[in-house]
1. I need the full set of residues from segment 24-52 which are out of contact with any strand residue (DSSP E or B) (no Cβ under 9 Å at 6 or more places or on another chain) and closer than 13 Å to residue 76 by Cβ, in order please.
2. With 82, 32, 62 as the choices, which residue is closer than 26 Å to residue 104 by Cα and over 16 Å from the mean Cα position of the chain (by Cα)?
């Protein structure tokens, strides 16, 4: 059984919220999971998430694969740096690692410019 750490959707239509779960890789996205290890709210500004680092480390030691989105959340929370410091014997109080700010993205292209250009006749 390959365990994956990924998102499972909860919440109603147009109000997406997710749980970070450890789940068998063969099950559906919202199927039966092994354990809830966090939450993620992408609609909040800035995006809110909570992660149980101890349980994520436990599942990763057991060979769980992490999805791309959860991996990005772990990087933002500096999970890998904390895990490395913990292996070296440092305490979390000594490391003073704060969560990284949300990365800025370019606004989506609405396509208005492309539609205007397509409606104009080509002049050659």
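1. 46
2. Values: 32 fails: closer than 26 Å to residue 104 by Cα; 62 fails: closer than 26 Å to residue 104 by Cα.
After applying the criteria, what remains is 82.
Each value in this text was obtained by applying a stated rule to the coordinates, not by laboratory testing. Quick caveat: nothing in here was measured; it's all calculated off a predicted structure. Cβ atoms come from the backbone with ideal geometry, glycine included; neighbour counts cover every protein chain shown.
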